[in-house]
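Below: the structure, in structure tokens.
The values are calculated or read from the model by the stated rules, or taken from the named source; none is laboratory data. Only a predicted model underlies this, so the values are computations on that prediction, with no experimental measurement involved. All accessible areas refer to the heavy atoms of the entire protein, side chains included, with ligands and DNA or RNA removed. Shrake-Rupley method; radii C 1.70, N 1.55, O 1.52, S 1.80 Å.
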Amino acid sequence: MTARMVRSAAHRTWGSPACLEQSVALWWLLGRQGIASSVRIGTRKSEEKFEAHAWVERDGVALNELEEAHKRYAAFREEFPIPSGTKK
């Protein structure tokens, strides 16, 4: 539900939002609701182009992916830690 709301709001306010912007917004909102999740980042090389993608996971499930685009990227193995002193 929250993922759909972020996606809808992002398209109405940012026009064509980047996956990282949407993912960080979703991760933050979930955290405010007490729902643990993590932002994942993956990369790939397509022809001569380097590409990156971000998504939010909870228990290994991508929450903000409609077509499982994240499966086409090699995700970093480690989660990005929350900086000390940062409130969820």
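Working note: Karplus 6.51/-1.76/1.60 with θ = phi - 60° gives region 29-37 the couplings 5, 4, x, 5, 8, x, 9, 6, 7 Hz, where Gly and Pro are set to x. Taking all protein chains as present, what is the carbon and sulfur share of the accessible area of region 21-67, in % to the nearest whole number, probe 1.4 Å? On region 21-67, the fraction of accessible area on carbon and sulfur atoms equals 50 percent.
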